[in-house]
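Reviewing the structure listed below.
The values are calculated or read from the model by the stated rules, or taken from the named source; none is laboratory data. Since we're looking at a predicted model, the values are computed, not measured. Positions of Cβ are backbone-derived with ideal geometry, glycine not excepted, and every protein chain shown enters the neighbour counts. SASA here: full protein model, heavy atoms, side chains in, ligands and nucleic acids out. Shrake-Rupley method; radii C 1.70, N 1.55, O 1.52, S 1.80 Å.
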Amino acid sequence: MQYGICHLSIVPIRVQPDDCTEMVSQLLYGEHFKVLESRKKWSRIRVAHDQCEGWVSNSQFIFITEDEYEGLASGPQKISSDVISHICANNGMLLPILLGSLISASPLLNHSFEGTVVAGENPKSSLIDTAFLYLNAPYLKGGKTPFGIDCPGFTQMVYKVNGYSLQRDAEGQSKQGEALSFIEESEPGDLAFFDNNEGIIDHVGIILKDNYIIHVHGHVRIDRLDHTGIFNAQEKLYTHKLRVIKKIL
C-alpha cells in the first residue's frame, strides 16, 4: 500500500483518471490518503478523513510513508479556521490555503503556519459561526471551499472545522446521528435532509434558530424551513422536500 498527502491549496478528485471527468470532491492542503491504484499520470485514492474515493493527478500530491500517514491519522488535528491564510515554505515562498485545511501536516511538509487554527472539538454553537463564513459561496459540485461548494461539502466542512467528522455525500451523512421526530426538537447546528421524487436523499442543510436553514442552492443561502421543506421567499415555492432531521452532536 502507498500513501500520499496534498501539499497544494486545492486538488480535484475525479470520478475517472481524466481532467475532463466529473469532480467528486477535493483535497485541501494537508489532507492525506491511501493510494489504491497507481498509474503513469493518475492515482486512485481513499481519503483518510471521509473515505471518499476517486482519481487525482500524480503531479498534484506527494508520496509519504505508512508511518507518516499513521502519524497524521492518529495525531491531534489542527484545522485552519480563516477563510484564507498562508503557509510559508522553507524557501520563503507563500502558499495560500483555505478554510478547513489540515495544518497538522505542515511540519511533515517543512512548512510553517502562523494563522488561526482549531484543535479538538468546539461547542455546538460554533457550527453556526463557521457556517456563516461560507455564506454566498457559489455552488460547485464536488467543491469544499468558500470559492465553490456543494451541499454535503458545506455541512461536512462546517463540522470538520469544529472537530467533527461527516461523510462526503448527503445520503451517507443522513445515516449518522440521531433522528428527531419534529423540527421543534431540533437545535441550531442540527442537520436537515431532503429527498427527491425517487425518495433518494440528495440535499442537506444546517438548521438555524427561528425555523431558518443555511444550505447550498445556487449559492450558500438562508431560507425558511418547516415540516414540508425549504421555502424560498424569492421564488415563492418549496425547493426541497423534508425527509428527516438528525442530531449529530
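Details
- Subset of region 116-164 that is closer than 20 Å to P188 by Cβ and of a type in the set (S, T, N, Q) - its residue that is most open to solvent (accessible area, probe 1.4 Å): N136
- Residue match in region 155-167 (condition: within 16 Å of C52 (Cα to Cα), touching a helix residue (DSSP H, G or I) at 6+ places or on another chain (Cβ under 6 Å) and in contact (Cβ under 8 Å) with a residue 60 or more places away in the chain): yes
- Condition met for G54 (crowded, with 23+ Cβ neighbours inside 10 Å, part of a loop (DSSP other than H, G, I, E, B) and within 19 Å of the chain's Cα centre (by Cα)): no
- Where a residue in region 172-184 is more than 18 Å from D202 (Cβ to Cβ) and in contact (Cβ under 8 Å) with a residue 60 or more places away in the chain and its partner, wherever it lies, is buried (at least 16 other Cβ atoms within 10 Å of the Cβ) and among the polar types (S, T, N, Q), with Cβ under 8 Å and at least six apart: L180/S186
- Region 217-239, residues that are within 22 Å of Y159 (Cα to Cα) and either touching a Pro at 6+ places or on another chain (Cβ under 9 Å) or open to solvent by 30 Å² or more (accessible area, probe 1.4 Å) (or both): H217, G218, H219, V220, R221, I222, R224
- Of all residues in region 1-47, those that are out of contact with any Leu (no Cβ under 7 Å at 6 or more places or on another chain), under 20 Å from G153 (Cα atoms), in a loop (DSSP other than H, G, I, E, B) and among the hydrophobic types (A, V, I, L, M, F, W, C) total 2.
- Qualifying positions in region 165-202 - open to solvent by less than 10 Å² (accessible area, probe 1.4 Å) and either out of contact with any Pro (no Cβ under 7 Å at 6 or more places or on another chain) or at positive phi (or both): L166, G189, D190, L191, A192, F193, F194
- With a requirement of 2 or more residues that are among the hydroxyl-bearing types (S, T, Y), the strands (runs of 3 or more DSSP E) lying completely within region 155-249 that satisfy it span 237-247.
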